[in-house]
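The values are calculated or read from the model by the stated rules, or taken from the named source; none is laboratory data. Since we're looking at a predicted model, the values are computed, not measured. We place every Cβ from the backbone using ideal geometry, glycine too, and count neighbours over all the protein chains shown. The area values use the complete protein model at the heavy-atom level, side chains included, leaving out ligands, DNA and RNA. Shrake-Rupley method; radii C 1.70, N 1.55, O 1.52, S 1.80 Å.
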Amino acid sequence: MRSKPCSIAFIVRDPLPPVRADVLTLFGAEMPRYGVHTELVGQSGSASHGNSDDPWRAGGMHLVGSLKSRFASVLSPVWDLLGLLRAGRGARPDCIQVRDKIASGLLGRCAAAVLGVPFVYWMSFPIVEGYAVRRDEIGRRGKGLTWLAHALRAAASRFVVYRLVLPGARHIFVQSEAMADWLAAKGYARSRMTAVPMGVDAALFDRSKVEPAVDARLDGRRVVIYLGRVAQARKSDFLLDVVEALRQSMPDVLLVIAGDAPSEDEMAWMRAEIARRRLEEHVLLTGWLPQRSALGYALRAEVGLSPIPRGDLYDVSSPTKLVEYLALGIPSVANDIPDQALVVAQSGAGLCVPMEAAAFAGATRRLLEDRALAAEFALRGPAYVRGHRTYAILGRIVAETYTKILPDRT
């Protein structure tokens with residue numbers, strides 16, 4: 001695909017430098033191959049260096065950050081505006097793109113109109129619905145001033161995103177086909193959307209290049225892996241329900257939960273649940289690990305688990321962990337949110353069941369007992385990922401979309 005070079009001013013929600021592969025790999029490594037260069041605008045994280053006036057470079061992206069502040073969430077649109085001004089010190093960008101931000105989404109639309117360039121929105125998470133869920137959680141404890149503040153935020157966010165931001169976007173990148181269908185049902189043209197699901201870096205997830213973890217606690221055990229964050233909102237204690245069901249017939253089963261929690265309170269909650277259920281001999285909670293170390297534990301596993309709660313927030317998501325398991329050749333059990341159901345059906349490398357403990361335990365037991373089936377799944381997974389879910393493939397989809405929506409790219 002040949003096209004003229006272009007530059008994108010991209011406002012993101014995540015701290016800089018970025019760590020998410022769908023930003024770092026997609027825009028830092030893949031987009032420059034197609035002549036798409038990115039000025040990434042956001043708040044500097046703890047890993048940043050340089051000052052607020054000195055952009056730094058990471059991969060194929062030019063990062064423009066603002067200093068970290070206790071008032072960052074309130075002042076975020078101001079920081080983003082300053083970032084846009086710094087990013088525009090050179091040539092005018094060919095488009096302004098905003099990811100998962102509300103006030104800055106409106107700011108981006110206005111800035112694009114002033115500059116006479118297209119405005120693009122990238123929705124990786126239904127943030128408005130997330131605010132509504134938080135409002136309802138607080139409301140169940142009583143409708144005081146805190147609830148009122150969250151109710152006002154949810155209402156204002158809904159108006160800004162669905163009435164002002166998305167209608168002004170020339171194109172909307174979404175997280176999954178399910179999210180595209182969901183937005184289409186709200187009245188947005190399906191032709192203005194491109195689904196970019198989560199993928200993997202093929203080189204990083206090459207099983208032959210990952211060293212299995214050396215941990216005596218795994219020796220002689222039937223190891224099952226969960227790669228991901230621990231959180232009550234994600235119903236992470238469901239994993240313990242599955243282990244309780246498995247250990248009755250498989251006393252040597254060991255679930256490795258390789259991941260951190262968003263707060264120490266959440267991690268303490270998980271440890272307390274493990275202790276309360278007396279599952280210390282059947283659950284290994286590693287806490288945060290470097291990615292290579294986490295993948296090393298995954299290689300010691302016979303089955304990978306990917307339970308994602310159903311509902312407005314997660315039904316439109318595109319979980320990474322299932323694709324990671326498949327890339328590593330790990331037979332998997334996933335529940336039936338649309339993107340996971342699609343991946344399992346297309347790949348033939350796992351089992352898709354409802355998010356019920358008995359169903360998950362039964363599917364996991366089947367893969368642990370039927371070695372021939374597990375071996376067949378293990379062979380199919382990497383081939384499917386190489387053909388559908390690497391960032392090289394997803395990058396081509398994104399680049400082709402820019403060729404269609406940005407002027408003078410062909």
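Data table
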quantity	calculated
Test: residue in the range 175-196 that is in contact with a Pro (Cβ under 7 Å, 6 or more places away or on another chain) and either part of a strand (DSSP E or B) or open to solvent by less than 20 Å² (accessible area, probe 1.4 Å) (or both)	yes
Any hit, the range 355-362, residues being surrounded by fewer than 16 Cβ atoms within 10 Å (Cβ to Cβ), among the small types (Gly, Ala, Ser), at pLDDT 95 or above and not in a helix (DSSP H, G or I)	no
Scan of the range 92-145 for residues that are among the charged types (D, E, K, R), assigned to a helix (DSSP H, G or I) and either touching a Leu at 6+ places or on another chain (Cβ under 7 Å) or in contact (Cβ under 8 Å) with a residue 24 or more places away in the chain (or both), ordered by number	ARG109, GLU129
Long-range neighbours under 8 Å by Cβ, at least six apart or interchain, first residue over 21 Å from LEU342 (Cα atoms) within the range 352-370, second among the aromatic types (Phe, Trp, Tyr) and assigned to a helix (DSSP H, G or I)	ALA357/PHE238
Residue within the range 267-284 that is open to solvent by 30 Å² or more (accessible area, probe 1.4 Å), out of contact with any Gly (no Cβ under 7 Å at 6 or more places or on another chain) and within 28 Å of ALA375 (Cα to Cα) present	yes
Residue within the range 353-376 that is within 19 Å of SER176 (Cβ to Cβ), under 24 Å from the mean Cα position of the chain (by Cα) and among the aromatic types (Phe, Trp, Tyr) present	no
Entirely in the range 259-338, the helices (runs of 4 or more DSSP H) that have 1 or more residues that are touching a residue at least 12 places away in the same chain (Cβ under 8 Å) and under 25 Å from PRO126 (Cβ atoms)	264-276, 320-327
Conditions (1) open to solvent by less than 70 Å² (accessible area, probe 1.4 Å); (2) in a helix (DSSP H, G or I); (3) over 21 Å from LEU342 (Cβ atoms): number failed by ARG163	(1)
